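Notes follow once the structure below has been shown.
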Amino acid sequence: MTAGILLVGCAGSGDAASGESPTATAGASSTATAGHAATSGATDTASGATGSAAGSAVGSGGSAGGSAGSAGGSGGSAKAAPGGAAAVSGVVTVYAAASLTASFTELAKTFEQQHKGASVRLSFDGSSTLVTQLRGGAPADVFASADEKNMAKATDAGLAGDPVAFASNTLQIAVAPGNPKKITGLKDLASSELTTVLCAPEVPCGSAAGAAEKAAGVDIRPVSEEQNVTAVLTKIETGEADAGLVYKTDVSSAGGKVAGVDFPQAAAAVNTYPIVALNDAPNPAGAAAFVELVTSAQGQNVLARYGFGKP
């Protein structure tokens, strides 16, 4: 049976995700273990049986004559999907920026509906926290960052190849419903009469906030700097702070618990979101399939509904 989606590390306190992700043992690329393969359009079962195959198997791994593809993968044998695509099964572990929580939770459900033998484990936190965990050896299949800077840390460390940009996001001032402090722009946040929270500078939303401050010519002195946008948003929702800089998508996903104030300097701090299947993914077939869903027209429509822009 397909397991449900497991959310990890989406904490309002800014704590790092545990990074302890299960290894998917059944999600590798389809492996022709017996050297037999089905002809195009048939189901190729790599089970070691001696069933007949119309196409000749080549070598010990077997070649599917244009159907199931070459043998390989570390997760064991898998059944090829109709039409020659590798079947996806097992757990797919996705490390994603906290601002992707709502959209990726929906996409994970869609993924599990499309691949009945697979389940998705989602771990959300600040991109800088996640890439630190990955560089420390945390097992994961996919990494989706809220900026290109933190993705570069992963690729430069040899954790992944070329990422694909799949979305963009813009900052907004988050305030209490009804905007009781009458905040209209970034200059208001520099006032000592307001309690403001920001993301830490190393976090994508913090880096974007710094660019916006520079464009506006203001110096905001936050009472705290958080490790992800979820923590910033939580302080606004609970009344611990009057305002904070988060993404538009976070305000939209808050369900009316906060309101958003646009400001013109946000145009100077647009973040591009890249995604990549990791080189040492325990479930390479699952990783490729999840990236494909996110970047597909269907995935793009979901992201647009949550307020993300085109990359």
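Here are the numbers:
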read-out: Residue match in region 241-250 (condition: acidic (Asp, Glu), at pLDDT 95 or above and in contact with an Asp or Glu (Cβ under 8 Å, 6 or more places away or on another chain)); value: no
read-out: Any chance GLN113 is modelled with pLDDT of 95 or more and open to solvent by 50 Å² or more (accessible area, probe 1.4 Å); value: yes
read-out: Inter-residue pairs, beta-carbon under 7 Å, first part of a helix (DSSP H, G or I) and in region 142-165, second of a type in the set (Phe, Trp, Tyr), 6+ apart; value: ALA154/PHE143
read-out: Pair list, Cβ < 8 Å and 6+ apart or interchain, from region 105-123 residues that are among the basic types (Lys, Arg) to residues that are in a strand (DSSP E or B); value: ARG121/LEU6; ARG121/VAL8; ARG121/VAL91; ARG121/VAL92; ARG121/THR93; ARG121/VAL94
read-out: Among (1) modelled with pLDDT of 95 or more; (2) closer than 28 Å to LYS182 by Cβ; (3) under 21 Å from the mean Cα position of the chain (by Cα), the one test that ALA304 misses; value: (2)
read-out: The lone exception for GLY185 - which of (1) touching a helix residue (DSSP H, G or I) at 6+ places or on another chain (Cβ under 9 Å); (2) within 23 Å of GLU292 (Cα to Cα); (3) open to solvent by less than 20 Å² (accessible area, probe 1.4 Å); (4) not β-branched (Val, Ile, Thr) it fails; value: (2)
read-out: 1 or more residues among the small types (Gly, Ala, Ser), touching a Pro at 6+ places or on another chain (Cβ under 8 Å) and surrounded by fewer than 19 Cβ atoms within 10 Å (Cβ to Cβ): qualifying helices (runs of 4 or more DSSP H) within region 190-307; value: 204-216
read-out: Leading residue by the ranking (surrounded by the most Cβ atoms within 10 Å (Cβ to Cβ)) among those in region 147-182 that are more than 19 Å from the chain's Cα centre (by Cα) and under 24 Å from TYR306 (Cβ atoms); value: ALA174
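The values are calculated or read from the model by the stated rules, or taken from the named source; none is laboratory data. It should be emphasised that the depicted structure is a prediction, and the values quoted were computed from it without experimental measurement. For neighbour counting, all protein chains shown are included, and Cβ atoms are generated from backbone atoms with ideal geometry for every residue, glycine included. Heavy atoms of the whole protein, side chains included, go into the accessibility calculation; ligands, DNA and RNA do not. Shrake-Rupley method; radii C 1.70, N 1.55, O 1.52, S 1.80 Å.
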